[in-house]
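Below is one structure; the comments refer to it alone.
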Amino acid sequence: MALRIALDRDLPIPVSAQLKGQIEYGIAAGALKPGEQLPSVRDLAAAEGVAHVTVSHVYRALKRDGLIVVRPGTGTYVAGGLDGLRAGENLSELQQLVDAMVAQALAAGFTSSQISHMVTARLAGRRAGRPRLALVGVFERATQSYACDLRAMLADLDPEIAVSTIDRLRQQPEDQAQVRGADLVLTMANRVREVQGFLPRRRASVRGLTFTVHPDTVARLRALPANVTLGVISTFAEFLPTMLQGISLYAAPSRPPLCAVLDDVDRVQVVLEQAGAIIFATGSEAIVPRVAHAVPVVEYLHAPDPASVQALRPLLEQLPAAQQERRAMQERRRA
């Protein structure tokens, strides 16, 4: 397994929550690839020194969330490989569509040259449109940041990107309508199943992106002095071990960090009072005004993984054609 598990039994967080959170984050961050095999329950339990039943419960929860699949007789795998064949990958379907179109055009008396020129012209014309994307995140401000990164990575396609969050999809019908109207819906790899639940008729249009630690965050972590006492505040308890693991890759404090979860008010106050530098997870911005003046503050922010975005390019380049076809169908229905 590519993901490095780091269970910390000194943290006031159940081992099961730590294990589930790190596997889920591994999927979201791309450390665990679609189709990659996970250790068996027995092997993972032995490797991490936890009970078999603990691993079984974690795998069952991940399977329920659509993040892993179990193939009887072969093992447990990250979902999204052969189990989630993307639209457009089945070229035999495309061949059938093209064959049918060519046969109809020839039967109508058009020549092969006329058909070829018309197809080329139509494709060239349809590529002029802008792909309409919807980006669904967890936190509003972070999702806006992800959208800015996406616009920069896809500047040549000039995409329209509508931003929403899972909470807004739950509470605001207008957001659901906006997301349903997009050509493609993007979200974190570990949130695809959840977002698909809001789009029962357009499940195939939801794609997962993997994320990496934002370059600005990496630079600021590396700039922290080694002798400073770090204070680490996580928004979610299950993310704290993963956050500590990531921080250790870029910062090298000489003493163990002071840690707290946002909803533990008393512990957060202790961390704010004793730490010489604060690192907070996205979603914990409320603590920033409480940090003492001159104490460095670093948001542990993520950004879309460029490799994940580039992998979507072939599909994104086809979207304007699909967009115009859908609009043409709508106009024909209204006529």
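Please treat every number below as a calculation from the coordinates, not as lab data. Being a predicted model, the structure only gives us computed values, none of them experimental. We place every Cβ from the backbone using ideal geometry, glycine too, and count neighbours over all the protein chains shown.
For segment 55-71 versus segment 160-196, the spacing of their alpha-carbon centroids is 24 Å.
Extension gain, ALA223 to ALA46: 0.36 nm times the residue separation minus the Cα-Cα distance gives 59.9 nm. A cut-off under 12 angstrom between Cβ atoms defines the neighbours of ARG151, and their net charge, with Lys, Arg +1 and Asp, Glu -1, is -3.
A crude spin-label estimate for the pair VAL270 and LEU157, with each label 7 Å from Cα along the Cβ direction, gives 4.8 nm.
Were the residues from ALA177 through VAL288 laid out at 0.36 nm apart, the gain over their Cα-Cα distance would be 36.5 nm. Comparing PRO314, PRO72, PRO173, which has the greatest mean-square fluctuation in the GNM of the chain with Cα pairs linked when under 10 Å apart? Checking each option, the largest mean-square fluctuation is seen for PRO72. Backbone amide hydrogens, once placed in the peptide plane, bring VAL232 within less than 5 Å of LEU258, CYS259, ALA260, ILE279, excluding anything fewer than 5 places away on its chain.
Order of 243-250, 49-56 by packing, highest average Cβ count within 10 Å first? Walk me through the intermediate numbers first.
Numbers: 243-250: 17.5, 49-56: 15.1.
Per-residue Cβ counts within 10 Å, averaged per peptide and sorted highest first, yield 243-250, 49-56.
Under 5 Å between amide hydrogens, built in the peptide plane, is the criterion, and for GLU36 it picks out VAL78 among residues at least 5 positions away or on other chains. With springs connecting C-alpha atoms under 10 Å apart, model the chain as a Gaussian network and identify which of GLN22, GLN104, GLN310 has the largest mean-square fluctuation. In the Gaussian network model the winner is GLN104.
Remark on PHE211: its backbone amide H falls under 5 Å from those of ALA29, GLY30, ASP305, a criterion applied only to residues 5 or more positions apart or on other chains, H modelled at 1.01 Å from N.
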